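Derivation of every value follows stated rules applied to the coordinates shown; laboratory data play no part. Computed from a prediction, not measured in an experiment: that's the story for all the values here.
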Amino acid sequence: MPQSDLDLVRRAFALYGAGDPAIVTTAHPDLTVTPLAPNLLTRDRTYRGLEEVAEWALGLQQADFKVVPTDIRDIGGGNVLVLGTISVAHPGRPGAAARGAWLVHVRDGLITSVEAHHSEEEALANVEE
């Protein structure tokens, strides 16, 4: 039985949180990720393809970047909304934390894109049906 979009996204966030390289099994080869910038206040650039996303994610692990989902909802049309907290810690420097929202697009059982937003409202305003 194929897994639901919601189950796929839950699994991907759990694998990411555990630093498990099996996360690539949840993603489409042409995955795009548009994160918030490291200062958590502005948008960064978009990372395209598994190799570029993996390189970016490695940098996050080195900076002790954490995402803790608190609510994950299937909002239909291949869209899953994830709400949670983001924290970044650098050795010898004060860390930063913020609430975040991620709009995750799923197609054919794989995650095709992840867009970080500052709020649930902002993420929902970017839903494409």
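Subtracting the Cα-Cα distance of A54 and H118 from their residue separation scaled by 0.36 nm leaves 20.8 nm. Relative to the dominant Cα principal axis of the chain, helix 49-62 is inclined by about 40°.
For the options L110, L36, L58, a Gaussian network treatment of the chain with springs between C-alpha atoms closer than 10 Å singles out L58 as fluctuating the most. Relative to the longest principal axis of the chain, what angle (0 to 90°, nearest 10) does the C-alpha long axis of helix 5-18 take? Relative to the chain, helix 5-18 is tipped by roughly 30 degrees.
Provide the gained length on full extension for the span T25 to S87, in nm with one decimal, where the gain is 0.36 nm per separating residue minus the Cα-Cα distance.
Computed gain between T25 and S87 is 19.8 nm.
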